[in-house]
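Asker: Below is one structure. I have some questions about it.
The values are calculated or read from the model by the stated rules, or taken from the named source; none is laboratory data. Not measured: the values here are computed from a predicted model. Note that each Cβ is placed from the backbone with ideal geometry, even for glycine, and that neighbours are counted across all protein chains shown. Note: accessible area is taken over every heavy atom of the protein model, side chains too, but ligands, DNA and RNA are not part of it. Shrake-Rupley method; radii C 1.70, N 1.55, O 1.52, S 1.80 Å.
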Amino acid sequence: MTPGTKLGPYEIVAQIGAGGMGEVYRARDPRLGRDVAIKVSAERFSERFEREARAIAALNHPNICTLFDVGPNYLVMELIEGEPPKGPLPLEEALRIAAQIADALEAAHERGIVHRDLKPGNIKVKPDGAVKVLDFGLAKVAESQAEARATDSPTLTMAGVVMGTAAYMSPEQARGKPVDKRSDIWAFGVVLYEMLTGEQMFRGETVSDTLAQVLTKEPAWNRVPAKAQRLLKACLERDPKRRLRDIGEAWRLLEDSPEPPTAAPSLSWLGIAGWGVAVAMAGLAWWAPWRTPPAAPERVRLQLLPSENLSTSVAHALSPDGRKLAYPAIGADGVTRLWIRDLDSLEAHALPGVQLRSDPPPPFWSPDSRSIAFDSDRGLQRADISGGPAQSLWDGFAIGGAWNRDGTIIFGIATRLGGLMRVSAGGGTASRITSADHSSRGTQHTYPVFMPDGRHFLYLQTSDQPQDTGIFSGSLDDPPERQNSKRVLATDFAVTYVPSLDSKHGHLLFLRDAKLMAQPFDAGQLQSSGEPVEVADQVGSYVTFGFFSASSNCRLVYRTGGTNSRLTWLDREGKVLGAIGEAGRFAEAAISPKGTQAVVARGDVRNRDLWLLDFARDSSTRFTFGPWAANFPVWSPDGASLIYTTSPDGASFGLYRKPASGAGDPQLLSKAGSFSIPTSWSRDGRFLLYTEIDPKTKNDIWVLPLTGSGDAKPSRLVGTEFNEEQARFSPDDRRIAYVSDESGRNEVYVREFSLNSTGGKLLVSKGGGSAPRWRGDGGELFYLAPDGMVMAAEVGAGSPFQSGAPKPLYRMPAGATPGDVSADGKRFLVGVPVQQSAQTPFTVVLNWQAGLKK
C-alpha cells in the first residue's frame, strides 16, 4: 500500500517492513492523533483469530507492545521506536534487557498466554532503555487461524505443523508437539545467550539443518560469563520437564545475585507538563543506575487542573495502571460526557457518542485499562477508550461497578431491596448475585469492588438500621441467598481496595469525617487487621461515594469539597437569585404551601433530621431530634403539619405525622412494614401518596386515607412488575404525575386519580425523566431529564389530560441536589455544593503508601 491509502479509519504513512504475517506499515489514527503500526495479512482473519487476538489485547504491561485493534485482515499495534538487542553486550546491560523481557513473559504467562515466537526481531530497545516485546501471542493466533482452516478441510491436518522461527524454537516446538510457557523460557535462554555472545546459538544452511541443531547441538558454555551459566542451563534443558518452569524464578539462578536486575523504567506517565520541579526530581531519582540500590520511595503530591472549558462533575476514576483519569464533565454544548485524560497529556478527550446522566456515579475500568464502563443516559454501557461505539450492558440505572480479569462485571442498581447484578463484559443477560435482606427495610447494595482473586468482592450495603450499614463481602461462586452476611467494615461510604507494595495485606480506602483512611485488609481472609491510618484530609463526598480513586501501583487521585451544599434560588434560566441559610448536607427540600418556609432533611445517612427554614428571617429551626434518621417530608395542604418517615424508637420505621409548630410527639399513621416514602398530600387533605417497596413488585404507589375514624387502611394504587414511584397530586387532585421504568428507563407519566380504577396513563417526558413537580395552578409540569436539564411541559385545562412538548429551562449545577419549585413556577430551590467547584483541582499522590504507620 502507498502512503495516503486508507485502511479502515487508519491512513498509511509508510511501509516499515515485512513479517511472518505480512507487510508492516506505519499509519496514522486521525481519531486519536497518534501513529500506529499495522500488520496486514494476505487473507482475512477468522472469527476465532479475532477472538483470540482480542484476548491478547487484554495484556497490559509496560514491556509488552499494545495491540490496539483488529481489522478484517490487519492488526493495529503500538508503534515502537527502537532497535532489536544486538550482542555482544556487557553482562550488566544484557541482564538489564533480559529482566524486562522476563517481566513481559511473566505477565503474559500469568494470563495463560504464550508468545511462541520470541526472538531478537520481536524485541525492541527504545532510546530511553525501556524494552518492548512485540507480536505477543500472535504465533498462537496464527496457529489458530491455520488450525481453523485445517478443521474446515478433511484433507488437512495439524499433525507435525511447526509454528515459529527455527533458530529460537524449543525442541518440543521443533518436533511439532504441543507447547506451553516452557517454550518461551527456552527462547528466552537462546536470546540471552545471543546478547551475551553476539552469535546465534543455532544456525544451519537450511531450516531443517537449524532444527536439527536445536534438537542435538550443545551450546558453547565457555563463551558465557560464569555468573549467567546456571540461569542459561536451566532455561535450555531440552527435556521440558527438567527445564525452568516459571520465568519469575530465573533470577534466583544468577550466581551471587539473589535479586533480579532492575529494569530501566519508562517515565512517560510523569511527563505531565506544568507539574514542576517536584516531578523532575522524582524522575531523576527513578533514573538511578540499575545496579545502585534504589532509595526508599517518597510520597509526592501534585495538582492537576481540569480543562478550562469543562465543568467537571464530582465523580472520577483512575485507571488500574495509573496512567489515565476518567471523569464526567459538561462541555460547551451543555452535554455531560465521559472525558479521558492521559496523565502525560495537557488535554482531555471525550468518548465519542457517549452521553451520561446528570451527576452519574463514578465510572469503572477494565483490568487492562483499555475499556471503561459507565452509567449513561441509556443505562450501563462500556466503551474502548481507543475508539469505537459504546456497547449496552444493562438498561437500568447502575450505581457503581467492578470488572474482573475473566470479563465479569458486577454492579449495583438504583432500587431499594435490590441486590448486586452480574453481566458479561461482552454483553448478555444480567443476573442477580446478592439479595437484600427484607428484614432490614430499605437495604440496598452498591459500589462493589473485586478482590485480587477475581471471585470474591466487597460492596456497600446501606440500610435504615445502622448495624446493617457498612461493607460486606460476597463471592461469585455462591448463590444470592447464601452470600456472607458478615459486615467487614462499618462505614456509610463506598470503599476501594488496593494491594500493598510491601506485604501480603492490602488496604481498604474509605472516608471518615472527610478524612481518607487506609485500613489494612487481608484479601484472602476478607478481614481487617490493625488500625486505619489517615492518608488525606478534606476529601469530598457525594451521597455514599468519596471523591477519590486509586490504582494498583500506589497512585492516588482525590478532590476536596463537595460535602456541603447551600439552598439556593434559581430562576427559569438557571441564574442564581440568592442563597438561604447555612451550608450543610441536604437530602430533600419541600416548600410550604404558603411559600414562606421550607422543610429540609439535613445530615448524613444515619443521623439525618428535619429542619424548618424561614425565608423572611433566613433562620433555621430543628424539627426532629433523632435518634434515627428522618426523611422525605411532605407538607399538609394548610401547612399546619408534616408527614415523614422515621423510627422514634429505632425498632419500627413508618409514616409519622407531627404539627409544624413542633409541639407534641409524632403520630404513627401506618403500621411498621415495608419501608415507605411519602411523596404528596392531596390539596383537599383526604389522601397521602407514598411509595412502598415490595420484594416481588419492586416500588409501588400506595394511597392512605387521612380522614375518618383513623383506622382507614391503605391501598395499592399503582403496582406492576416495574418500579413506580415519586407520585405527585395535581393541584386540583384529579391526577397524579409519577415515574415508571416500564420502558426500560425512568419516564414521567400522568394518570387520572381514582381509588376504584387505575385508568389509562399518558407519557409526558421525552428521553427519560424523574422528580415531577406541578406548578401551583396546574398549568405546567416540571421534571428532571437524565442529563440534568430541568424540563417544563405545558398542561392544558380540562379533560382529557393534554400536555405540550417538554421544553428545556436550565441545567442543574454539577453535584446539586434537586429540591422544589415555587407555586408560580418562576423559582427553583436547589442544594448547590459550596466547596466543590467545577475547577477544583485533582490532587495526585505518587507512592501514597510510603510512610504509612505500621
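Asker: Treat each spin label as a single point 7 Å out from the Cα along the C-beta direction, and report the L304 to S485 distance in nm.
Answerer: With each label placed 7 Å out from Cα toward Cβ, I get 4.3 nm.
Asker: Filter the trypsin sites (Lys or Arg not before Pro) in the range 347-406 to those in DSSP coil with at most 16 other Cβ atoms within 10 Å of their Cβ, and list the result.
Answerer: R405
Asker: Residue separation times 0.36 nm, minus the C-alpha to C-alpha distance between S500 and R512: what's the value?
Answerer: 2.2 nm
Asker: Something else: List the trypsin sites (Lys or Arg not before Pro) in the range 68-129 that DSSP assigns to loop (not H, G, I, E or B) and whose Cβ has at most 13 other Cβ atoms within 10 Å. Which are they?
Answerer: K86
Asker: Also, quick follow-up: Given Cβ point charges of +1 (Lys, Arg) and -1 (Asp, Glu) and nothing else, what value in debye, to the nearest 20, does the dipole of the range 698-827 about its Cα centre take?
Answerer: Around 220 debye, computed over the range 698-827.
Asker: Sticking with this one: Write down the accessible area per residue of the range 772-854 in Å², having rolled a 1.4 Å probe over the full set of protein chains.
Answerer: Per residue, the range 772-854 has an accessible area of 39 Å².
Asker: Between L346 and T429, what is the label-to-label distance in nm when each label sits 7 Å out along the Cα-to-Cβ direction?
Answerer: Those two pseudo-labels are separated by 5.3 nm.
Asker: Sort all Cα-Cα distances of the range 666-823 into consecutive 10 angstrom bins from zero, then give the percent of pairs in each bin up to the one containing the longest distance.
Answerer: 10, 40, 36, 13, 1
Asker: Would you kindly state how much longer the chain becomes between A805 and E721 on full extension, computed as 0.36 nm times their sequence separation minus their alpha carbon distance, in nm to one decimal?
Answerer: 27.4 nm
Asker: Shifting gears a bit: Write down the accessible area per residue of the range 422-557 in Å², having rolled a 1.4 Å probe over the full set of protein chains.
Answerer: 39 Å²
Asker: Mind checking which aspartates and glutamates have their Cα closer than 13 Å to the Cα of K233? Skip sequence neighbours fewer than 8 apart in that chain.
Answerer: E218, E255
Asker: Related question: Would you tally the net charge around A104, using a Cβ to Cβ cut-off of less than 12 Å, leaving A104 out, and scoring K and R as +1, D and E as -1?
Answerer: That works out to -2.
Asker: Something else: Could you tally the net charge around N222, taking each other residue with its Cβ under 15 Å from the Cβ of N222, Lys/Arg +1 and Asp/Glu -1?
Answerer: Around N222, the charge tally is +3.
Asker: Using the Cα centre as the reference, give the magnitude of the dipole from point charges on the C-beta atoms of the range 701-775 (Lys, Arg: +1; Asp, Glu: -1; all else neutral), rounded to the nearest 20 debye.
Answerer: I would put it at about 260 debye.
Asker: Return the loop-located GluC sites (Glu not before Pro) in the range 730-810 (DSSP other than H, G, I, E, B) with at most 16 other Cβ atoms within 10 Å of their own Cβ; answer none if there are none.
Answerer: Those that pass, being in a loop and sparsely packed, are E742.
Asker: How far apart, in nm, are the 7 Å Cα→Cβ label points at D614 and D35?
Answerer: That separation, rounded to one decimal, is 7.3 nm.
Asker: Oh, and also: Lys and Arg at +1, Asp and Glu at -1: add these up for the other residues within a Cβ distance under 10 Å of R775 and post the number.
Answerer: Charge balance in the 10 Å sphere: -2.
Asker: Tell me the accessible surface of M77 in square angstrom (1.4 angstrom probe, heavy atoms of protein chains only), to the nearest ten.
Answerer: My reading of the accessible area for M77 is about 10 Å².
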